[in-house]
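Below you'll find the structure, written out as structure tokens, and then a few comments.
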């Protein structure tokens, strides 16, 4: 009997290993063989004349389960690592809010690609920044477009109950009412479900002309698909940056025709195409499929690493002056060590696709970023890095320009309105 | 020899319940196993049925050791137990209980004719065939338990306290049935606290005390044995 | 097992303080419900009949799926007295089984340009259900063999913890194998999601979707089939015997381990069918698909009386209806539908621990 069980166990382990091997999950601890920027191990053997060290960046992707408590745990773990310098997250607004104070105390700058809740930049944090546009701008743009361009006066607002979705839906409803429109229904759904016909029937009873949804593409697609059968034929679905992306197109098919979204996904450019190709080749799936934030995450990673290179000092004879005067001191990276840049989002659980997508996008950014070269040890003054991120200006990413304001709002491009026409997301004329 | 028990040692975790008992049963016999509560009588039956496993010792049925055979296959060899407390399936009908008794057989015609036989033999069960087992009286439940065992066409019937909790008149009736079954060719190993009744219908008897066999002999001799009279037939025991 | 307990009923229950509190609570709850119903139906009257019909349709369809999954909880509880918390994941595996069959069939293009899927909808659906049912049955079988059987004699709490562990394991294994993204079921054209028969009620079109009707009808058929198996077949009798008394069942010549395995297989088949229905009707599946329905179905099983098969069926339907009609009927936020469902569960445990149709949950059983 025992042998039998041992066999089963082995079988399971074998299956698991087979599954882990080529899977698209991020494995940040593993060395990336295709990365051209690994710290060369021969540094110590090289002749003294050319004793140049190469300090590569490394992505540390952590799973916070999109929850505040998970985020706090991740933040505490990361700040304990002396070579950890910057955080390209967190992914979700609620989780981010919980993590900010921990990074604040440790002097770790954040640049979140996707946490869009307006309150996040109102607390006066010095470390929190985002290249996601805020929901205030997004909601305003959406409400204006619905009222002025589409000419609708009866709006139903729905959301998924999360910080992001609910905040957004509320802002849209407020803006819409202020403009003179009528919000006929305001309903919440339970995220993760696949049958919303009951709540949609309740909304249908109020006869709205347009349905605004604050939330993500999974639920947005389910709602779009179930509108007609619930009595909402001909009602326009208006989504947000959370519902934009190839996934929404694929999941809604013909039902998605005429649906709107606000987003910052850029038009095609050589840089974007190169990223798209690299991402698709490495992970077997196109960016934008797992989440709409792929490009933003790539930009956030690059922007943070650029800021690091600006402030980093390589010195062979002890701590430089910049460290002594820095409020948080320096991160000290010895030759052979890597500069750790973090990402945190839900890598398992219901929203796993979001976290995995953004960490994969960042992985591409990190692996392609040139290492810092120099003789001696690398010093990164933490306070200076916080300032460098906050004062970043005109950083050209693939998803837009990053110029940080004093409160940490760094998206300088604003939302773009898209509508699905003939099965393709098409920029909508204002 | 039909059944031969040799040096059987059974433990419940640390408790040594059977301490090396040995006995045998010839084809066609009724053998009584008597003794007080906790002497190990039910443990013996459950070990024969394969519900319990001995640490040491063997149970030979027609020369084959049963101690490694699973309970359901022991049933298929023709050893059927009527468990203590009857253990009928209370949420099944009388007819379903009888069906379950014939679980090992796939011969539907034979099951049907056996069931008709049981209903002839136990008219009370026939009247209540669609009633749930749990609604029967104690005596009816005992009849159902016996009938259920007979559905399997036993060659050796293990009966655990068939008289327990029954009125004296019903006890008489049950023992008549047991004798009747034996006369039709089924060997019976009978476990009883009611030593008087058990010894009066059996051919031979064994007396158990705290996991050991302390006395054995032809039943009519045990009935007059002073030790047995003193401990099991005298005052108090009905 | 409570064999004879039910026949012993106390004639007069003493007025303990607990009973008084429960009675007062019951009156408050009922008064509150009536007041909310009155407000919503008479005072506000927001919803016309067509909306109530839509609510009920949603509820019946999802209720049928809940019922199929709930039967698995109840069968396993009946036989092992354990809550198989990995059962939702068994359903998820079935949903993936159907998904891959549809993917395979829709990738076959016939000479007339149609996909196999669209050209042979009936056959494709049968194949999908066969694959989903088989995948779940196999998963259920190995779950019992690997995770539960070695613990047959362990305290029940250990089994429960193992079940929760197995649930997490299966969820994460599915994520690693199939990826985290939600996948879209490729239904045959004839079963396009959202399309269906239209009924006009109160000048408004109410859609009876093909997928919903198919799911509902099939779940009724499967429940009837299960009831037949349990009540009328030899295997069913053996299952009932094992659930009442394993030792006595073994004494009747029943291979108890075999019956337990078959119980997991049957539970898996039903859950797998529910999984495929889930995919066909709702469209999206991922590794997390089984989690919520699993918990809901467990609630349904307790609601109907755990261990009781008709109870699981009724519980599933009631839960489905309550979830879709409840928030509107009580004038609450729709996001509170789970709160309503679980409140009902708590009230049920408080006032009628045996469930709608079940027998008492004695301490012995827990």
**Complete:** Per the filter on the stretch A:375-386, residues surrounded by fewer than 22 Cβ atoms within 10 Å (Cβ to Cβ) and either closer than 25 Å to residue A:262 by Cα or within 22 Å of the chain's Cα centre (by Cα) (or both) are none
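With the condition kept exactly as written, say whether any residue in the stretch A:12-30 is modelled with pLDDT of 90 or more, surrounded by 15 or more Cβ atoms within 10 Å (Cβ to Cβ) and in a helix (DSSP H, G or I).
First pass over the stretch A:12-30, keeping only residues modelled with pLDDT of 90 or more: none.
No; the residues of the stretch A:12-30 include none that is modelled with pLDDT of 90 or more, surrounded by 15 or more Cβ atoms within 10 Å (Cβ to Cβ) and in a helix (DSSP H, G or I).
Please go through the stretch B:70-82 and give me each residue that is within 17 Å of residue B:181 (Cα to Cα) and within 8 Å of another protein chain (Cβ to nearest Cβ), ordered by number.
The initial filter retains those residues of the stretch B:70-82 that are within 17 Å of residue B:181 (Cα to Cα), namely B:78-82.
Matches in the stretch B:70-82: B:80, B:81.
Among the candidates C:211, C:207, single out the residue that is closer than 22 Å to residue C:50 by Cβ and in contact with a strand residue (DSSP E or B) (Cβ under 7 Å, 6 or more places away or on another chain).
Working: C:211 fails: in contact with a strand residue (DSSP E or B) (Cβ under 7 Å, 6 or more places away or on another chain).
After ruling out the rest, the residue left standing is C:207.
Would you call residue C:226 buried (at least 20 other Cβ atoms within 10 Å of the Cβ), more than 10 Å from chain A (Cβ to nearest Cβ) and part of a helix (DSSP H, G or I)?
Numbers: buried (at least 20 other Cβ atoms within 10 Å of the Cβ): yes; more than 10 Å from chain A (Cβ to nearest Cβ): yes; part of a helix (DSSP H, G or I): yes.
Answer is yes for this residue.
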**Fill in**
residue A:389 fails exactly one of (1) farther than 21 Å from residue A:145 by Cβ; (2) surrounded by fewer than 21 Cβ atoms within 10 Å (Cβ to Cβ), namely (2)
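Just to be sure, is residue C:160 within 14 Å of another protein chain (Cβ to nearest Cβ), modelled with pLDDT under 95 and surrounded by fewer than 17 Cβ atoms within 10 Å (Cβ to Cβ)? Talk me through it step by step, then tell me what you get.
Values: within 14 Å of another protein chain (Cβ to nearest Cβ): no; modelled with pLDDT under 95: yes; surrounded by fewer than 17 Cβ atoms within 10 Å (Cβ to Cβ): yes.
No.
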**Item:** Failed condition for residue B:61, given (1) surrounded by fewer than 17 Cβ atoms within 10 Å (Cβ to Cβ); (2) over 24 Å from residue B:143 (Cα atoms); (3) touching a residue at least 12 places away in the same chain (Cβ under 8 Å)
**Value:** (1)
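Conditions tested, residue by residue: (1) touching a residue at least 24 places away in the same chain (Cβ under 8 Å); (2) away from chain A (no Cβ under 14 Å); (3) more than 15 Å from residue C:36 (Cα to Cα).
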site: C:308; (1), (2), (3): yes, yes, yes
site: C:325; (1), (2), (3): yes, no, no
site: C:328; (1), (2), (3): yes, no, no
site: C:340; (1), (2), (3): no, no, no
site: C:345; (1), (2), (3): yes, yes, yes
site: C:348; (1), (2), (3): yes, yes, yes
**Residue among A:300, A:274 that is under 15 Å from residue A:358 (Cα atoms) and at pLDDT 90 or above** = A:300
**Message:** Checking residue A:159 against (1) within 10 Å of chain C (Cβ to nearest Cβ); (2) modelled with pLDDT of 90 or more; (3) surrounded by fewer than 24 Cβ atoms within 10 Å (Cβ to Cβ): exactly one of these is not met. Which one?
**Reply:** (3)
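Can residue A:207 be described as surrounded by fewer than 24 Cβ atoms within 10 Å (Cβ to Cβ) and touching a residue at least 24 places away in the same chain (Cβ under 8 Å)? It would help to see each step written out before you state the result.
Values: surrounded by fewer than 24 Cβ atoms within 10 Å (Cβ to Cβ): yes; touching a residue at least 24 places away in the same chain (Cβ under 8 Å): yes.
Considered against the rule, which asks whether it is surrounded by fewer than 24 Cβ atoms within 10 Å (Cβ to Cβ) and touching a residue at least 24 places away in the same chain (Cβ under 8 Å), residue A:207 comes out as yes.
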**Asked** Which of (1) within 8 Å of chain B (Cβ to nearest Cβ); (2) in contact with a helix residue (DSSP H, G or I) (Cβ under 8 Å, 6 or more places away or on another chain) is the odd one out, the single condition residue C:257 does not satisfy?
**Response** (1)
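Among the residues of the stretch B:30-53, which ones are surrounded by fewer than 18 Cβ atoms within 10 Å (Cβ to Cβ) and modelled with pLDDT of 90 or more? It would help to see each step written out before you state the result.
Here is the first cut: in the stretch B:30-53, the residues surrounded by fewer than 18 Cβ atoms within 10 Å (Cβ to Cβ) are B:36-38, B:53.
Residue satisfying the conditions is B:53 alone.
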**Message:** Condition first: closer than 16 Å to residue C:189 by Cβ and touching a strand residue (DSSP E or B) at 6+ places or on another chain (Cβ under 8 Å). Now tell me which residues in the stretch C:93-109 satisfy that.
**Reply:** C:105, C:106, C:107, C:108, C:109
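Do any helices (runs of 4 or more DSSP H) lying entirely in the stretch A:42-156 carry at least 2 residues that are under 30 Å from residue A:336 (Cβ atoms), and which ones are they?
Of the helices (runs of 4 or more DSSP H) lying wholly inside the stretch A:42-156, those with at least 2 residues that are under 30 Å from residue A:336 (Cβ atoms) span A:68-79, A:93-106.
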**Asked** Which residues, counting only those in the stretch B:94-110, are at pLDDT 90 or above, within 7 Å of chain C (Cβ to nearest Cβ) and under 10 Å from residue B:151 (Cβ atoms)?
**Response** B:99, B:100, B:101, B:103
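Just for the stretch A:216-234: of the residues that are in contact (Cβ under 8 Å) with a residue 24 or more places away in the chain, outside any helix (DSSP H, G or I) and more than 10 Å from chain C (Cβ to nearest Cβ), which one is surrounded by the fewest Cβ atoms within 10 Å (Cβ to Cβ)? Give the derivation first.
Of all residues in the stretch A:216-234, those in contact (Cβ under 8 Å) with a residue 24 or more places away in the chain come to A:216-232.
Filter again for outside any helix (DSSP H, G or I), leaving A:216, A:227, A:231-232.
When the remaining residues are screened for being more than 10 Å from chain C (Cβ to nearest Cβ), the result is A:216, A:232.
Details: A:216: 26, A:232: 21.
Per the stated criteria, the residue is A:232.
Report yes if residue A:261 is closer than 26 Å to residue A:397 by Cβ, more than 14 Å from chain C (Cβ to nearest Cβ), in contact with a helix residue (DSSP H, G or I) (Cβ under 6 Å, 6 or more places away or on another chain) and in a strand (DSSP E or B), otherwise no. Quick ask: steps written out before the conclusion?
Values: closer than 26 Å to residue A:397 by Cβ: yes; more than 14 Å from chain C (Cβ to nearest Cβ): yes; in contact with a helix residue (DSSP H, G or I) (Cβ under 6 Å, 6 or more places away or on another chain): yes; in a strand (DSSP E or B): yes.
It is true that residue A:261 is closer than 26 Å to residue A:397 by Cβ, more than 14 Å from chain C (Cβ to nearest Cβ), in contact with a helix residue (DSSP H, G or I) (Cβ under 6 Å, 6 or more places away or on another chain) and in a strand (DSSP E or B).
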**Asked** How do the strands (runs of 3 or more DSSP E) wholly within the stretch A:272-390 filter down when requiring 3 or more residues that are under 23 Å from residue A:114 (Cα atoms) and not assigned by TED's automatic domain parsing to the domain that holds residue A:244: which remain?
**Response** A:339-345
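If you check A:152, A:176, which single one turns out to be more than 14 Å from chain C (Cβ to nearest Cβ), crowded, with 21+ Cβ neighbours inside 10 Å and over 22 Å from residue A:251 (Cβ atoms)?
Numbers: A:152 fails: crowded, with 21+ Cβ neighbours inside 10 Å.
Just a single option satisfies the conditions, and that option is A:176.
Considering only the stretch B:11-27, state which residues are without any contact (Cβ under 8 Å) to a residue 60 or more places away in the chain and surrounded by 13 or more Cβ atoms within 10 Å (Cβ to Cβ). So that I can check it myself, show each step before the final result.
Narrowing the stretch B:11-27 to residues without any contact (Cβ under 8 Å) to a residue 60 or more places away in the chain: B:11-15, B:24.
Within the stretch B:11-27, B:11, B:24 qualify.
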**Message:** Going by what's in this entry, would residue C:304 be described as away from chain A (no Cβ under 14 Å), over 22 Å from residue A:226 (Cα atoms), modelled with pLDDT of 85 or more and crowded, with 24+ Cβ neighbours inside 10 Å?
**Reply:** yes
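Need at least 2 residues that are within 30 Å of residue B:51 (Cα to Cα), within 14 Å of another protein chain (Cβ to nearest Cβ) and in contact (Cβ under 8 Å) with a residue 24 or more places away in the chain per element, so show me which helices (runs of 4 or more DSSP H) inside the stretch C:42-153 make the cut, counting only ones lying wholly within it.
Values: elements: C:49-80, C:87-107, C:116-119, C:121-142.
Where helices (runs of 4 or more DSSP H) fall fully within the stretch C:42-153 and carry at least 2 residues being within 30 Å of residue B:51 (Cα to Cα), within 14 Å of another protein chain (Cβ to nearest Cβ) and in contact (Cβ under 8 Å) with a residue 24 or more places away in the chain, they are C:49-80, C:121-142.
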**Message:** I'd like the residue in the stretch B:8-60 that is in a strand (DSSP E or B) and out of contact with any strand residue (DSSP E or B) (no Cβ under 9 Å at 6 or more places or on another chain) and, out of all such residues, is farthest from the other protein chains (Cβ to nearest Cβ).
**Reply:** B:15
**Fill in**
Residues in the stretch C:229-241 that are more than 10 Å from chain B (Cβ to nearest Cβ) and either under 17 Å from residue B:84 (Cβ atoms) or in contact (Cβ under 8 Å) with a residue 12 or more places away in the chain (or both) total 4
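Taking the stretch C:270-293, which residues are surrounded by fewer than 24 Cβ atoms within 10 Å (Cβ to Cβ) and either away from every other protein chain (no Cβ under 11 Å) or within 21 Å of residue C:72 (Cα to Cα) (or both)? Walk me through it before giving the result.
First, pick out the residues of the stretch C:270-293 that are surrounded by fewer than 24 Cβ atoms within 10 Å (Cβ to Cβ): C:284, C:288, C:291-292.
Within the stretch C:270-293, C:288, C:291, C:292 qualify.
The values are calculated or read from the model by the stated rules, or taken from the named source; none is laboratory data. Treat the numbers as computed from the prediction; the structure is a model and nothing was measured. Note that each Cβ is placed from the backbone with ideal geometry, even for glycine, and that neighbours are counted across all protein chains shown.
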